[in-house]
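Inspection log for the structure reproduced underneath, given as structure tokens.
The values are calculated or read from the model by the stated rules, or taken from the named source; none is laboratory data. Keep in mind that what you see is a predicted model, and the values were worked out from it rather than measured. Cβ placement follows ideal geometry from the backbone for every residue including glycine, while neighbour counts extend to all protein chains displayed. Ligands, DNA and RNA are excluded from the accessible area calculation, which covers all protein heavy atoms including side chains. Shrake-Rupley method; radii C 1.70, N 1.55, O 1.52, S 1.80 Å.
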Amino acid sequence: MKKNRKKKISIVAPFYNEEKGLREFFSRVESVLNKIPFEYEIICINDGSRDNTFHHLISEHRRNPKIKLINFSRNFGKEAALSCGLFYASGDIVIPIDSDLQDPPELIPQMISKWEEGFDVVYAKRKERSGETWLKKTTAKIFYRSISYMSEVNIAQDAGDFRLMDRKVVDSVNTLSEKNRFMKGIFSWVGFKQTYIEYDRDSRYQGNSKWNYWKLWNFALDGILMFSAMPLKVWSYIGFTVSGFAFFYLLFRIVRVMIRGIDVPGYDSTIVIILFLGGIQLIGIGVLGEYLARIFHEVKNRPIYIIRDEIGF
């Protein structure tokens with residue numbers, strides 16, 4: 001058990017074109033928080049919404065000053081919005097949550113109970129993913145299994161950003177200065193004592209997901225490249241394998257010529273070998289390019305996000 005009971009909870013919620021479900025989000029979150037004997041703040045990050053999300057957020061702030069607002073100058077992405085919210089959060093425990101209500105805020109009391117048992121991180125692990133296609137579920141499962149295998153740290157499978165973090169965990173996350181961010185990996189990398197609770201993930205309350213398959217692909221690529229060097233290492237093994245085949249094929253040709261004499265080589269087989277090796281080389285160069293592109297973004301040292309407005313701080 002914690003010796004000193006924590007007094008403040010910070011909820012961190014990124015928003016991007018969520019005007020339709022915004023009121024229901026605050027209704028459910030505040031209903032939960034009002035039953036917990038802690039102070040609270042709800043930090044809302046408007047990530048360049050193109051609808052009236054920010055105007056609705058201002059109305060909610062006027063209704064409840066505990067709702068604090070950060071308005072980005074443009075859309076910087078969910079990882080940037082989440083990083084910003086963690087930086088501004090002042091609570092003794094911090095809980096990031098999606099504003100589309102796929103992650104039920106009613107789980108927060110269970111998370112707090114686990115935290116009071118002595119855990120520093122309590123993440124929500126999905127048992128079911130309602131409202132998602134078979135293809136999306138399958139690719140998500142493949143991604144989480146793959147990155148767990150390739151990564152240097154154990155990244156929780158079937159878990160999103162919805163989790164409770166102790167103050168010392170958030171402070172550790174805020175010390176990291178990398179620009180290309182994969183928050184699920186960062187949460188695992190900092191370590192600390194972690195556990196999970198399982199839940200069935202709901203469908204979106206309103207609207208459609210902002211994540212198409214192209215964005216999901218780039219998100220997965222960032223996760224793998226930021227937390228694993230295996231894509232670089234594997235090309236060494238591929239190179240050794242191809243060279244080994246070439247060496248044994250050379251021995252085969254020498255023996256064949258000694259036994260049967262010189263014959264006319266086939267044009268088709270020559271072209272196939274050239275194209276195969278050329279393709280292997282281009283793929284290897286492409287992997288190097290992906291890593292170099294991320295190094296390029298890091299060395300420019302641009303800020304992760306730019307804030308236009310701060311309200312309530």
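When nucleic acids and ligands are ignored and a 1.4 Å probe is applied, K168 ends up with an accessible area of around 90 Å².
Surface analysis of region 5-87 yields an accessible area of 43 Å² per residue, using protein heavy atoms and a 1.4 Å probe. Here's the list of aspartates and glutamates a cross-link from K125 could span, going by alpha-carbon distance under 12 Å and ignoring same-chain residues fewer than 8 apart: D103, D158, D161, E198, D200. Exceedance of the 23 Å cut-off in Cα-Cα distance is limited, within the set K7/K168; K7/K127; K35/K168; K78/K184; K8/K168, to K7/K127; K35/K168. Taking label points 7 Å from Cα along the Cα-to-Cβ direction, L176 and E106 give a separation of 3.2 nm.
For the listed residue pairs K68/K193; K20/K68; K66/K179, the alpha carbons are over 27 angstrom apart in K68/K193; K66/K179. Accessible surface of region 12-86, 1.4 Å probe: 43 percent of it comes from carbon and sulfur atoms.
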